[in-house]
Amino acid sequence: MALIHCDFFSEVLTISTSMTVILPEETTTQIGLKNNRSDGKVPVLYLLHGFSDDHTIWTRRTSIERYAAEYGIAVVMPQGDHSFYADMQYGKKYWTFISEELPRIARSFFPLSAKREDNFVAGLSMGGYGAFKWALRKPEQFAAAASLSGVLDIATHIVKEREQDDPIGNALFHVYGEQDLQGTDHDLFFVINNLLKNDQQLPQLFQACGTEDFLWEDNQKFFRFAEANNLPLVHTFSEGAHEWGYWDAKIQEVLAWLPIERG
């Protein structure tokens with residue numbers, strides 16, 4: 001595998017930003033690592049970080065490079081700041097950057113497939129929410145999406161955070177201002193209802209959350225909603241908290257679950 005730290009300029013953000021990229025390679029003499037690489041364009045997983053982290057965190061806290069090697073998949077990990085992957089009320093347009101500009105730039109730099117069946121997105125916490133939001137608002141882009149300990153009931157979560165006079169609540173004010181998020185394109189329940197009304201094809205969904213996680217109730221609410229609406233959702237709820245040991249284990253399950261076409 002090739003591990004690349006990529007600095008580039010974003011026209012949408014109007015600043016230089018960064019992404020960490022893992023690219024598969026075919027090797028025959030490397031010891032201790034199984035590599036797979038198909039000819040042509042490479043399937044890709046966009047992997048999003050959480051609220052307190054950055055584009056380097058998945059490679060620092062997990063063995064994602066090693067896990068991805070056997071699947072022959074590229075992994076693109078962008079910088080998302082505190083944005084909740086939204087066009088911020090008082091800040092940068094991270095939704096437009098992530099959902100429109102990033103894939104175009106990444107494909108211009110690297111041999112990544114643009115086919116829906118070869119594109120996937122996943123993330124943890126803020127990034128789990130971002131992964132579902134991206135895939136559900138742009139279902140034509142992705143075959144599958146995974147949320148690990150995601151903030152899936154964003155409207156309720158933001159109301160609770162606004163009651164706290166702390167750095168997180170202050171940061172979220174810059175993202176959403178005083179908006180009520182229920183019934184907006186930030187609200188996953190609203191987005192899904194619109195997809196169902198319009199009979200649009202949904203991507204396959206994977207949801208994981210630990211039973212000791214502070215977002216457990218959010219995830220249970222989303223699961224009940226998905227079950228009631230017959231969404232194409234695979235779930236795994238087991239013992240675990242909001243921490244990297246849990247996410248390191250679950251990202252391996254996500255990779256094994258992804259519908260990757262192997263050459």
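The values are calculated or read from the model by the stated rules, or taken from the named source; none is laboratory data. What you are looking at is a predicted structure, and each value in this text was computed from that prediction instead of being measured. Neighbour counts are summed over all protein chains in view; Cβ atoms, including those assigned to glycine, are modelled from backbone coordinates with ideal geometry.
For region 169-215, enumerate the residues that are over 28 Å from Gln89 (Cα atoms) and touching a Leu at 6+ places or on another chain (Cβ under 7 Å). Residues satisfying the conditions are Leu202, Leu205, Gln207, Ala208, Cys209. For region 1-31, the candidate set comprises residues that are of a type in the set (Asp, Glu) and out of contact with any Lys or Arg (no Cβ under 8 Å at 6 or more places or on another chain); within that set, the residue that is nearest to Tyr71 (Cα to Cα) is Asp7. Among the residues of region 223-263, those that are out of contact with any strand residue (DSSP E or B) (no Cβ under 6 Å at 6 or more places or on another chain), free of Cβ contacts under 8 Å to residues at least 60 places away in the same chain and in a helix (DSSP H, G or I) comprise Arg224, Phe225, Glu227, Ala228, Gly245, Ala249, Glu253, Ala256. Taken over region 99-126, the criterion of being under 15 Å from the mean Cα position of the chain (by Cα), part of a helix (DSSP H, G or I) and among the aliphatic types (A, V, I, L, M) is satisfied by Leu102, Met126. Contact annotation: residue pairs with Cβ atoms under 7 Å, 6 or more positions apart or on different chains, pairing a residue in region 184-213 that is surrounded by 14 or more Cβ atoms within 10 Å (Cβ to Cβ) with a partner that is among the polar types (S, T, N, Q) and part of a strand (DSSP E or B), are Gln207/Ser147; Ala208/Thr236; Gly210/Ser238. No other residue among Leu33, Leu3 is of a type in the set (A, V, I, L, M), assigned to a loop (DSSP other than H, G, I, E, B) and surrounded by fewer than 20 Cβ atoms within 10 Å (Cβ to Cβ) apart from Leu33. Within region 133-184, the set of residues being under 18 Å from Gln201 (Cβ atoms) and basic (Lys, Arg) comprises Lys133, Arg137, Lys138. Taken together, the residues in region 61-75 that are closer than 19 Å to Phe110 by Cα, of a type outside the set (Val, Ile, Thr) and not in a loop (DSSP other than H, G, I, E, B) amount to 4. Filtered by the rule that a residue be modelled with pLDDT of 95 or more, assigned to a loop (DSSP other than H, G, I, E, B) and within 21 Å of Arg107 (Cα to Cα), region 37-53 gives Pro43, His49. Test Gln220 against the stated conditions and say whether it is without any contact (Cβ under 8 Å) to a residue 40 or more places away in the chain and either within 20 Å of Gly123 (Cα to Cα) or part of a strand (DSSP E or B) (or both). Judged against the criteria, Gln220 is a match.
For region 186-228, residues that are touching a helix residue (DSSP H, G or I) at 6+ places or on another chain (Cβ under 6 Å) and hydroxyl-bearing (Ser, Thr, Tyr) total 0. Kindly indicate whether Gln164 is over 30 Å from Lys115 (Cβ atoms), of a type outside the set (A, V, I, L, M), without any contact (Cβ under 8 Å) to a residue 40 or more places away in the chain and surrounded by 12 or more Cβ atoms within 10 Å (Cβ to Cβ). Here the answer is no, as Gln164 does not meet what is asked.
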